[in-house]
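Everything below concerns the one structure shown next.
The values are calculated or read from the model by the stated rules, or taken from the named source; none is laboratory data. For clarity, every value in this text was computed on a predicted model and none was experimentally measured. Glycine also receives a Cβ, built like all others from the backbone with ideal geometry; neighbour counts cover every protein chain displayed. The area values use the complete protein model at the heavy-atom level, side chains included, leaving out ligands, DNA and RNA. Shrake-Rupley method; radii C 1.70, N 1.55, O 1.52, S 1.80 Å.
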Amino acid sequence: MIFANKTSKDVILEDWFRGLLGDDFISILDKEKKTGHQNGRVDKSFLEKHISDFSQEFYLCGPDPMIKL
């Protein structure tokens, strides 16, 4: 799971997701640098770094401009 937020205060249920998913939980923050979170935006480069199989299905949740094909 890649979970993008502006700051660490915006990350809901972080402990639950980390406990459930372990290393499969990736938190990325756009407006803050904090230990335990990556910094930046989810873009092509970020996805290529974290996903090895792009032929699989993905669930995407976010604002309309972000999820449009």
For the chain, what does -39500 (n - 2.57) per DSSP helix run (n ≥ 4), summed and divided by total residues, give at 222 nm, in deg cm²/dmol to the nearest 500?
-6500 deg cm²/dmol
Solvent exposure, largest accessible area first (probe 1.4 Å, DNA, RNA and ligands not counted), of Arg18, Arg41
Arg41, Arg18
Mind checking which of Tyr59, Met1, Phe46 is farthest towards the positive end of the chain's charge dipole, using Cβ charges of +1 (Lys, Arg) and -1 (Asp, Glu) about the Cα centre?
Phe46
Which value, in Å to one decimal place, does the Kirkwood hydrodynamic radius take for the chain when every pair of different Cα atoms is included?
13.0
For Phe3, the residues 5 or more places away or on another chain with a placed amide H closer than 5 Å to its own amide H are Ile26, Ser27, Ile28
For the chain, which whole percent of the accessible surface, found with a 1.4 angstrom probe, sits on carbon and sulfur atoms?
53
Proximal lysines relative to Lys9, as straight alpha-carbon distance under 16 Å, when same-chain residues fewer than 8 apart are discounted
Lys31, Lys33, Lys34
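In percent, how large is the relative contact order of the chain, given Cα pairs closer than 8 Å and 6 or more residues apart?
Rounded, it is 25 percent for the chain.
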